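Right, one structure below, let's go through it.
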Amino acid sequence: MFPFDVILFDVGGVLLTNGWDTGERALAAEHFNLDLAGFEQRHHAVFAAWERGAISVKAYLDATVFNEPRSFTHYEFFGFMLEQSKPLADGALGTLEELSASNKCLLGALNNEARETNEYRFKTFGLRNYFNVALSSCYLGLRKPDAAIYETALDILGKPAKRVLFIDDRTENVVAAMQVGLKAIRFDGSADLRHELTRMGVL
């Protein structure tokens, strides 16, 4: 019997580059001549609400960038944000594609991402071609590493925790998943992931 009923992938840092992490925000601050320290302070005040789907991208940008008059538009800034998304070098897209082709288990995303960037990334990189379910923070109203997002994912999936494998690049998210009873792997490159999946009888 195949060892898992479901395999869940984080997206940023596993399949794609991070959509809007520290490095991407620093690039934006430089490109648009923003005070980085102030931008970061305003970002941290509202980004969790944005990732939970509680506010729109316009509300996020109004609070973080357009808190004062700018020489550029919301559209230009958001376009720059989207341009930062790329396939992750040494990422797991190939492994995801192989698992999808095998049709041996259900595949899904369990990721922290705001709705607007999440939908862009899923569409642009064809992730819905591989995922059967998207358990993204913006859809569930919950964020990793809160235990509630893993518990809600299990409720939706209707599978025992031990039959669900979760892959994430952040240690705190892996630990939180394991505390709820999921099997979990911390992603540290394609070769290491494939070695671990082979050891577990997935590949």
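Values quoted throughout were computed directly from the atomic coordinates according to the rules given, and no laboratory measurement underlies them. Note that the coordinates shown come from a computational prediction; the quantities given were computed from them, not determined experimentally. Neighbour counts run over all protein chains shown; Cβ positions are idealised from the backbone, glycine included.
Between residue 41 and residue 198, the C-beta separation translates, for a Förster distance of 35 Å, into a calculated FRET efficiency of about 0.20. Peptides 85-91, 46-52 ranked from most to least packed, by the mean per-residue count of other Cβ atoms within 10 Å: 46-52, 85-91.
Under Stokes-Einstein, with the Kirkwood radius over Cα pairs as Rh, the value for region 84-138 at 25 °C and 0.890 mPa s is 207 µm²/s. Projected label points at residue 162 and residue 147, each 7 Å from Cα along the beta carbon direction, are separated by 1.9 nanometres.
Computed from label points 7 Å out along Cα-Cβ, the spacing between residue 100 and residue 57 is 2.2 nm. The alpha carbon convex hull volume per residue for region 1-140 rounds to 104 Å³.
For the cross-link pairs 104/162; 86/162; 86/123; 104/183; 104/144, the ones whose C-alpha atoms lie over 21 Å apart are 86/162; 104/144. Across region 22-83, the volume of the C-alpha convex hull divided among the residues equals 81 Å³ per residue. The distance between label points at residue 68 and residue 123 comes to 3.4 nm (points 7 Å beyond Cα on the Cα→Cβ vector).
Under 19 Å of direct C-alpha separation, and excluding same-chain neighbours fewer than eight residues apart, residue 58 reaches these aspartates and glutamates: 21, 24, 40, 68, 76, 83, 113, 116, 119.
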